[in-house]
Amino acid sequence: GCRIPPGPPSVPVLGSLVWLTNSPADPEPLLQRLFRRYGSVVSLRLGSSLSIYIADRRLAHAALVVHGAYLADRPSVLVAAATLLGENNHTITRASYGPVCRLLRRNLVAETLHPSRVRLFAPARCWARRVLTEKLLAGGEAVIETFRHAMFCLLLAMCFGERLDEGAVRAIAAAQREQLLYFSHQMAVFAFLPSVTKHVFRGRLRAAHALRRRQMELFMPLINARREYMKLNNSDRAKKKSDTTFEHSYVDTLLDLKLPEEERPLSDQEMINLCSEFLNAGTDTTSTAMQWIMAELVKNPAIQDKLYGEIIKVAAITGDNSQEEVPEEDLHKIPYLKAVVLEGLRKHPPGHFVLPHKAAEDIELCGAYLIPKGATVNFMVAEMGRDAEEWENPMEFAPERFVAGGDREWVDVTGNREIRMMPFGAGRRICAGLGVAMLHLEYFVANMVREFEWKEVAGDEVDFAEKREFTCVMQKPLRPRLVPRIKDE
Ligand code: HEM
């Protein structure tokens, strides 16, 4: 029969004794020890809740794809805090897998991130690339700051359909960051006995309300401007459209939505939470990945040279070396570029875990393990990409692994057929932005390599040590020397 996965001893109420000497905020080092001891699936108890961690790629496939329908819910960690703030769970990441979640997810995937819609954002990407190049050229800050700023410019443009000036971008970025920090560090207390904690920690609730108000002040004018713009007929729209307004935005689709069952449009607060989710999901993840990839290219100049050569070859085929950028239509002609990006995501996935999943029913995995209904389940993303039994010399940066042909099999990053790595998760809750994330990474990496030679600086060598923030970032930020390439006329 199946059994609950093994784990360290626990006592009722308190949970696993290991928490006395390990921090639940960063369970990775503890889990690595437990996997060595118990095998590739372990159970941990925190209070009365059971968490199961899976490091084996076949079990991950069974859980997320084969039995995926039962593992598409989310645990209610943040629900308590939202409820106390008078909010609901109507966001894609937080909602359990019901009609609301499916509607919101389908709306994002089909209406905003569908390839035909993504094409409409090409001018926004062009603008973000120019911001990126100018700031890299100016120097001064660590490149991760520049990456984050440029990505945020782009995500804001996609969200609100407006090209904002630098001051506005920085103000919203600061508010988002403060809120993210506050909610992840200070609001967790409300998961336990909210009826009691809401009195004990009422100062925290007040601060959370203030952060929400600030977000409301920043977002509502942008949402309302878009509401007015959408009311115009086509010819008025064309007249009004300045070069800072884009044709399509995520907000447009939200304004059109009707919630199932309740049959009402989204409230302002719901719209703000969805915009906030969109901005958070696409910024840190992508800029973190970009930093790791560029760090590997700095450390491996031969790979960078090869990539540059492939990029230039495509420009030569097109017969136009003088164009300002590597246009996004050409990206698919550079298979080595995709290989570099995938290898970066394998070795340095921005998230070492996925967002927590919850079992809606008892699940039996491969006839061996039982995941009881209600258990929280997570996956060891980084472990899978670095598993020496699956990958030859896993800690070597070798994009050739992902160049199709020869005896190499193609790696499917969605994990639908099989999971070899899962930087975007897999199954029903797979990253909703996978396609656009890959496009952003390929487009920006290609253009940064074409624009500059990225060189290691003596005394500021690349250091691959990791630090856990919202994503897993470089502990010592990358500080390379950028030498502008001389372009042949
Ligand atoms: C390199 C960049 C990115 C990485 C590595 C990444 C990774 C992930 C991961 C691991 C998850 C959790 C999957 C799970 O819970 O099983 C996720 C969820 C999600 N991502 Fe991404 N992501 C990236 C970029 C983006 C972008 C650009 C967007 C949108 C613009 C986006 C939107 C989302 C959304 C909405 C979810 C929630 C899906 C759900 O709960 O059903 N992501 N992402």
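Yes or no: Glu329 open to solvent by 50 Å² or more (accessible area, probe 1.4 Å) and not in a helix (DSSP H, G or I)?
no
Scan the range 50-87 residue by residue and report those that are at negative phi and modelled with pLDDT under 85.
Within the range 50-87, Ser76, Val77, Leu78, Val79, Ala80, Ala81, Ala82, Thr83, Leu84, Leu85, Glu87 meet the criteria.
Considering the range 135-161 alone, what residues qualify as being over 20 Å from Ile172 (Cβ atoms), more than 19 Å from the chain's Cα centre (by Cα) and in a helix (DSSP H, G or I)?
Passing the criteria: Leu136, Leu137, Ala138.
For the range 378-405, give me each residue that is surrounded by fewer than 17 Cβ atoms within 10 Å (Cβ to Cβ) and within 16 Å of the ligand (Cβ to nearest atom).
none
Is there any pair with a first residue in the range 86-113 that is more than 9 Å from the ligand (Cβ to nearest atom) and a second that is hydroxyl-bearing (Ser, Thr, Tyr) and open to solvent by less than 20 Å² (accessible area, probe 1.4 Å) whose Cβ atoms are under 8 Å apart and which are 6 or more apart or on different chains, and what are they?
Note: pairs meeting the criteria are Asn107/Thr253; Glu111/Thr253.
Given the conditions (1) of a type in the set (A, V, I, L, M); (2) in contact (Cβ under 8 Å) with a residue 24 or more places away in the chain; (3) more than 23 Å from Leu355 (Cβ to Cβ), report the number of the one that Ala289 does not fulfil.
(3)
Mind listing whichever residues of the range 276-293 are near the ligand (Cβ under 6 Å from one of its atoms) and surrounded by 24 or more Cβ atoms within 10 Å (Cβ to Cβ)?
Matches in the range 276-293: Phe278, Thr286, Ala289.
Do we have Met438 as within 16 Å of the ligand (Cβ to nearest atom), surrounded by fewer than 22 Cβ atoms within 10 Å (Cβ to Cβ), in contact (Cβ under 8 Å) with a residue 24 or more places away in the chain and not hydroxyl-bearing (Ser, Thr, Tyr) here?
yes
Against the definition (among the aliphatic types (A, V, I, L, M), open to solvent by 40 Å² or more (accessible area, probe 1.4 Å) and assigned to a helix (DSSP H, G or I)), how does Ile312 come out, yes or no?
Judged against the criteria, Ile312 is a match.
Suppose the filter is acidic (Asp, Glu) and closer than 24 Å to Lys467 by Cα; does Asp73 pass it?
So Asp73 does not fit the description; no.
Residue by residue, here is whether (1) more than 16 Å from the ligand (Cβ to nearest atom); (2) in contact (Cβ under 8 Å) with a residue 40 or more places away in the chain; (3) touching an Asp or Glu at 6+ places or on another chain (Cβ under 7 Å) holds:
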position: Val411; (1), (2), (3): no, yes, no
position: Glu453; (1), (2), (3): yes, yes, no
position: Lys467; (1), (2), (3): yes, no, no
position: Thr471; (1), (2), (3): no, yes, yes
position: Val483; (1), (2), (3): yes, no, yes
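Scan Val340, Val411 and give me the residue that is closer than 24 Å to Glu466 by Cβ and modelled with pLDDT under 95.
Val411
Can you name the residue in the range 248-262 that is exposed (fewer than 14 other Cβ atoms within 10 Å of the Cβ) and in contact with a helix residue (DSSP H, G or I) (Cβ under 7 Å, 6 or more places away or on another chain) and, of all such residues, is nearest to Leu279 (Cα to Cα)?
Looking at the filtered set, the residue picked out is Pro260.
Could you tell me how many of the residues in the range 57-66 are crowded, with 19+ Cβ neighbours inside 10 Å and either without any contact (Cβ under 8 Å) to a residue 40 or more places away in the chain or in contact with a Leu (Cβ under 9 Å, 6 or more places away or on another chain) (or both)?
4
Please state which of the following conditions Ile272 fails to meet, knowing it meets all the rest: (1) out of contact with any Pro (no Cβ under 8 Å at 6 or more places or on another chain); (2) within 16 Å of the ligand (Cβ to nearest atom); (3) more than 22 Å from Arg148 (Cβ to Cβ).
For Ile272, the failing item is (3).
Of the residues that make up the range 350-362, is at least one open to solvent by less than 10 Å² (accessible area, probe 1.4 Å), near the ligand (Cβ under 9 Å from one of its atoms), in a loop (DSSP other than H, G, I, E, B) and aliphatic (A, V, I, L, M)?
Scanning the range 350-362, I find no residue that is open to solvent by less than 10 Å² (accessible area, probe 1.4 Å), near the ligand (Cβ under 9 Å from one of its atoms), in a loop (DSSP other than H, G, I, E, B) and aliphatic (A, V, I, L, M), so the answer is no.
Using the structure shown, decide if Glu166 is open to solvent by 60 Å² or more (accessible area, probe 1.4 Å) and over 16 Å from Ser276 (Cβ atoms).
So Glu166 passes the test.
The values are calculated or read from the model by the stated rules, or taken from the named source; none is laboratory data. Source: prediction; values computed, not measured. Virtual Cβ from ideal backbone geometry, glycine too; neighbours counted across all protein chains shown. In case anyone asks, the SASA skips ligands and DNA or RNA and just uses the protein heavy atoms, side chains included. Shrake-Rupley method; radii C 1.70, N 1.55, O 1.52, S 1.80 Å.
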